[in-house]
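The values are calculated or read from the model by the stated rules, or taken from the named source; none is laboratory data. None of the values given here were measured: they were computed from a predicted structure. Cβ coordinates were reconstructed from backbone atoms using ideal geometry, including for glycine residues, and neighbour counts include every protein chain displayed.
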Amino acid sequence: MLQQRTLKTITRAVGVGLHSGQRVELTLRPAQPDTGIVFRRVDLPQPVDIPICATAVTDTRLASTIGTGNAKVHTVEHLMSACAGLGIDNLYVDITAEEVPILDGSSASFVFLLQSAGIALQNAPRRFIRVTRPVEVRQGEGAAAKWARLTPYHGYKLSFEIDFDHPAVDSTGQRVEFDLGTGNYSRDIARARTFGFTRDVEMMRSSGLALGGGLDNAIVMDDYKVLNSDGLRYDDEFVKHKILDAMGDLYLVGKPLLAAYSAFRSGHAMNNLLLRELLAQRDAWEEVTFEDERQAPSGFLQPARAW
Ligand SMILES: [Zn+2]
């Protein structure tokens, strides 16, 4: 049987929120089979649980926010991406503020945290959402066109293309494909950092956003070039970060997908629309488990390798 996974032990991190600039403590705890991933706001007078699911996403401007009632958690996508990459099914995420810490702007620190705590196999079958026919969302025309699509695939792969019309971004790889069966998430994707442009940062700060952002946790560009003195971590770091984000956004569906995802200029909003469209088309997917794990696609068999 292909089993569900959680952590072996508790692990903690402290950082600042990218947008709020607030100090925040994060505690990752093991959870029982079929719990899913549950964020818990432990700073509120009564702690509030926010289990992830596609419809728990309440805001997708700049980052993916989940919420229930008045309780919310911003910028969940990098931690969710690490969970998707390492195949964590069940986890409590206790958090002391309304934003996940940005740490180094990638998911590498979350991967390190999860791997350090150790990954435990649980006595319950891992449940997948298998896409059985194509589902697509599309917006805009001509130069403003963007789209995202899921098609049937025995495994999980993502391909993404960007088009930013910025000299520093255009000089890097514009398209990347990552297949969980043949690639290595920790090595190939996890280190790609979020990125921003100084002109947007100034505008965001004047509206109280990006207060915790800087050269330590993002690739920052002026109108012409990358300002970080160490340059890029991958030749195609920008488009790889879009894959990282998409893996996190899509894992908010609550189960690993068996599908091929492809997207052009998609973002948090469109990724969530795609999930909602998938769930609405009840004949486009089915839930599956693998009693015989030899039937499972490669990439899902072993807990992901370390670096
Ligand atoms: Zn991101």
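Structure above, values below:
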read-out	value
Some residue of segment 166-174 being closer than 18 Å to residue 244 by Cβ, buried (at least 17 other Cβ atoms within 10 Å of the Cβ), at pLDDT below 95 and assigned by TED's automatic domain parsing to the domain that holds residue 251	yes
Enumeration of residues in segment 48-64 that are without any contact (Cβ under 8 Å) to a residue 24 or more places away in the chain and crowded, with 22+ Cβ neighbours inside 10 Å	50
Residue count for segment 218-262, restricted to those that are touching a residue at least 60 places away in the same chain (Cβ under 8 Å), closer than 14 Å to residue 164 by Cα and of a type in the set (A, V, I, L, M)	1
Any hit, segment 83-94, residues being surrounded by fewer than 17 Cβ atoms within 10 Å (Cβ to Cβ) and not assigned by TED's automatic domain parsing to the domain that holds residue 240	no
Number of the condition not met by residue 67 [criteria: (1) surrounded by 22 or more Cβ atoms within 10 Å (Cβ to Cβ); (2) small (Gly, Ala, Ser); (3) in contact with a strand residue (DSSP E or B) (Cβ under 6 Å, 6 or more places away or on another chain)]	(1)
The listed residue being basic (Lys, Arg), over 17 Å from residue 251 (Cβ atoms) and either in contact with an Asp or Glu (Cβ under 7 Å, 6 or more places away or on another chain) or not assigned by TED's automatic domain parsing to the domain that holds residue 256 (or both), out of 5, 29	29
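Residue by residue, here is whether (1) under 23 Å from residue 126 (Cα atoms); (2) within 17 Å of the chain's Cα centre (by Cα) holds:
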residue: 222; (1), (2): no, no
residue: 229; (1), (2): no, no
residue: 233; (1), (2): no, no
residue: 238; (1), (2): no, yes
residue: 250; (1), (2): yes, yes
residue: 262; (1), (2): no, yes
residue: 270; (1), (2): no, yes
residue: 281; (1), (2): yes, no
residue: 296; (1), (2): yes, no
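Here's the yes/no breakdown for (1) more than 15 Å from the ligand (Cβ to nearest atom); (2) closer than 22 Å to residue 56 by Cβ; (3) buried (at least 16 other Cβ atoms within 10 Å of the Cβ); (4) of a type in the set (D, E, K, R):
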| position | (1), (2), (3), (4) |
| --- | --- |
| 226 | yes, no, yes, no |
| 233 | no, no, yes, yes |
| 251 | no, yes, yes, no |
| 260 | yes, no, yes, no |
